[in-house]
Amino acid sequence: MSKKLIIGMFGFGVVGQGLYDIIKTKKLNLEIKKFVIKNADKKRSLPAELFTTDADVILNDPEINTVVELIDDAEAAFEFTKRALTTGKNVVSANKKMIATHLEELAQIQQEHGTSLLYEGAVCGSIPIIRNLEEYYDNELLHSVSGIFNGSSNYILSKIFNEGQSYGDALKKAQELGFAETNPILDVGGYDPKYKLAIVASHAYGIYVDPEKILNLGINNLGDDDVRYAREKNFKIKLVPLAKEINNNKVVLYVLPKFISKDNILYNVENENNGVLVKAAFADEQFFFGKGAGGHPTGSAVLSDIAALRYDYRYEYKKHLDAEQVQYSTDYELNVYLRYSDEEFVNKLNFNSISERFYGEGFKYVIGKINLQEIIDKRDLINQPGTFIAEVV
Ligand code: HSE
């Protein structure tokens, strides 16, 4: 018999509403007792007595055994999650920044207090990748995990490449549809997929890496010339996070735009869909596809976690228990396309080799090999209007 969940929920935005819509259609042994929200004046679709702005109403209520955390603010989310987990409440969260930034501490708290924190909804919306990494691939040797982890930037790129829309219009639409983060630079700058990558890396390789140490460059500086260049070569551009084991138990992690050819399975992942490509030693290649953003798809992942708590499911962080511990590394050579405007720019970067140079009127680029650590060191220099970098394979 599953246990009855009495839920206190933080946040009632796109995902909260999506989750609520789904729960309404089901007969589950659960009750949402209270919602904590930030803005008391906002009109809500549920009776006013269900809402409060006081977090203690949930956190100090002994009857509430489950906290569902769906707020924007990562630091507030961390405080609520920590308090819940240390006082015997299980937590479901979709806050990728909070989880990626504090995962090691959160894993320790769960261990110490025997409580459970689940976060399938934080990574690639509806795609059940975390539980698969935990339960299915726990004895697999994973060569790499990559894909498309951000619905908004993928939506924007689809609209640009398939419908010739402008970047600005496409971004506006992604915001209207509720895919984008409150601050959309988190999406288009590659921060959001980086947080997801850090969480994936923890379950795939047993490492905790501070997201601050992981390179993310996004599509915010994408220009018409880059799109034209890609089209001429029959490529699309996608924003791709990669976790890859290189020799000697080292793992590299980064998020960069990438030219994608027609034979790549990511080529046809369009709009707010996400894709996770797992390359494994024994299972070989496997691909997960599904909606990566939006209230109902993400709500479905959150509900799956809530349902799992009825049976006291917990992540065991199995890869962290492996005898052979892997290390995070930035010693890795990439082949990149770099568009620039200032003549001196290329000289400021230490390319290992350059295979192609193009000087056109108002359009200049190089293609060459460069170390990941060098891109990290020159990140701020590269992340400027007039410059765009993408991986070429
Ligand atoms: N802003 C995120 C995205 C929401 O666009 O993928 C889902 O995590």
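The values are calculated or read from the model by the stated rules, or taken from the named source; none is laboratory data. Since we're looking at a predicted model, the values are computed, not measured. Counting neighbours? That spans all protein chains shown, and the Cβs are built from the backbone with ideal geometry, glycine included. Accessible surface is based on the protein model in full, side chains and every heavy atom, while ligands, DNA and RNA are left aside. Shrake-Rupley method; radii C 1.70, N 1.55, O 1.52, S 1.80 Å.
So how far apart, in nm, are the two label points at Ser166 and Ala74 if each is 7 Å from Cα heading toward Cβ?
3.1
When Lys and Arg each count +1 and Asp and Glu each count -1, what net charge do the other residues less than 13 Å away from Arg131, Cβ to Cβ, add up to?
-4
Among the listed pairs Lys213/Lys378; Lys236/Lys262; Lys236/Lys369; Lys233/Lys262, which have their C-alpha atoms separated by more than 18 angstrom in this model? All intermediate terms of the calculation are to be shown ahead of the outcome.
On the way: Lys213/Lys378 13 Å; Lys236/Lys262 8 Å; Lys236/Lys369 21 Å; Lys233/Lys262 10 Å.
From the list (Lys213/Lys378; Lys236/Lys262; Lys236/Lys369; Lys233/Lys262), the Cα-Cα distance tops 18 Å for Lys236/Lys369.
Using +1 at the Cβ of each Lys and Arg and -1 at the Cβ of each Asp and Glu in the stretch 322-393, identify which of Leu381, Tyr365, Ser329 lies farthest towards the dipole's positive end.
Sorting the options by dipole projection puts first Tyr365.
Rounded to the nearest 0.05, what FRET efficiency is calculated for Lys348 and Lys42 with R0 set to 56 Å and r the Cβ-Cβ distance?
The computed FRET efficiency comes out at 0.70.
Just the ratio, please: alpha-carbon radius of gyration of the stretch 53-112 over 2.2 N^0.38 Å, N its number of residues.
Rg over 2.2 N^0.38 Å, computed on Cα atoms: 1.04.
Within 12 Å, Cβ to Cβ, of Leu334, how many net charges do the neighbouring residues add up to if Lys/Arg are +1 and Asp/Glu are -1?
Local charge sum for Leu334: -1.
Can you pull the percent of the chain's accessible area that's carbon plus sulfur, 1.4 Å probe, other chains left in place?
Its accessible area is 47 percent carbon and sulfur atoms.
For the chain, give me the percentage of DSSP beta bridges that are antiparallel, rounded to the nearest 5 percent.
70
Taking only Cα atoms and a 10 Å spring cutoff, compute GNM fluctuations for the chain and point out the largest among Glu69, Glu270, Glu181.
Highest fluctuation of the listed residues: Glu181.
What nm value, rounded to one decimal, do you get for the distance between Asn60 and Gln327 when each label is placed 7 Å out toward the C-beta?
4.9
With every protein chain present, what is the per residue accessible area of the stretch 142-259 (1.4 Å probe, Å²)?
Ligands and nucleic acids excluded, the result is 33 Å² per residue.
Net charge near Phe363, counting Lys/Arg +1 and Asp/Glu -1 over other residues with Cβ under 15 Å of its Cβ? The partial results should precede the final answer.
Working: positive: Arg228, Arg231, Lys233, Arg339, Arg357, Lys364; negative: Asp224, Asp225, Asp226, Glu232, Asp342, Glu343, Glu356, Glu361.
Here the count lands on -2.
Report the calculated FRET efficiency for Asp312 and Phe358 (r = Cβ-Cβ distance, R0 = 41 Å), to the nearest 0.05.
0.10
Once you've got the Cα coordinates, tell me which of Lys82/Lys172; Lys82/Lys318; Lys4/Lys244; Lys27/Lys291 are over 32 Å apart. Walk me through the numbers on the way to the answer.
On the way: Lys82/Lys172 35 Å; Lys82/Lys318 22 Å; Lys4/Lys244 41 Å; Lys27/Lys291 25 Å.
Check vs 32 Å cut-off fails for Lys82/Lys172; Lys4/Lys244.
Using a/c under 1.5 as the rounded threshold, could you call the stretch 1-95 rounded, prolate or oblate? The axes a ≥ b ≥ c are square roots of the C-alpha gyration tensor eigenvalues, and prolate needs a/b larger than b/c, oblate otherwise.
In terms of gyration-tensor shape, rounded.
Run the quick spin-label model on Phe288 and Lys369: label points 7 Å from Cα toward the beta carbon, then report their separation in nm to one decimal.
Label at Phe288, label at Lys369, 3.4 nm between them.
For the chain, with a Gaussian network of springs between Cα atoms less than 10 Å apart, report the residue from Arg314, Arg131, Arg228 with the top mean-square fluctuation.
Evaluated over the chain, the most mobile residue of the options is Arg228.
Under the rule a/c < 1.5 gives rounded, and otherwise a/b versus b/c splits prolate from oblate, where does the chain land using the Cα gyration tensor?
prolate
Rounded to the nearest 0.05, what FRET efficiency do Lys378 and Gln111 give with R0 = 41 Å and r taken as the Cβ-Cβ distance? Could you check? Mind showing how you got there, number by number?
Details: r = 39 Å, r/R0 = 0.96.
With a Förster radius of 41 Å, E is 0.55.
Given a 10 angstrom Cα cut-off, can you work out which residue in Pro47, Pro62, Pro193 is the most mobile in a GNM of the chain?
Pro47
Would you calculate, for the chain, the mean residue ellipticity at 222 nm contributed by helices, counting each DSSP H stretch of 4 or more residues as -39,500 (n - 2.57) and dividing by all residues, to the nearest 500?
On the way: 13 runs with 130 residues, N = 393.
Counting only the DSSP helices, I get -9500 deg cm²/dmol.
Decide, for the stretch 144-188, between rounded, prolate and oblate: order the square roots of the alpha carbon gyration tensor eigenvalues as a ≥ b ≥ c, take rounded if a/c falls under 1.5, and otherwise choose prolate if a/b is larger than b/c, else oblate. Please report the intermediate quantities before stating the final value.
On the way: a/c = 2.36, a/b = 1.22, b/c = 1.94.
Note, shape of the stretch 144-188 comes out oblate.
Give the residues of the stretch 347-390 whose amide nitrogen is closer than 19 Å to a point set 7 Å from the Cα of Lys250 in the direction of its Cβ.
Only 350-353, 369-378 pass the distance filter.
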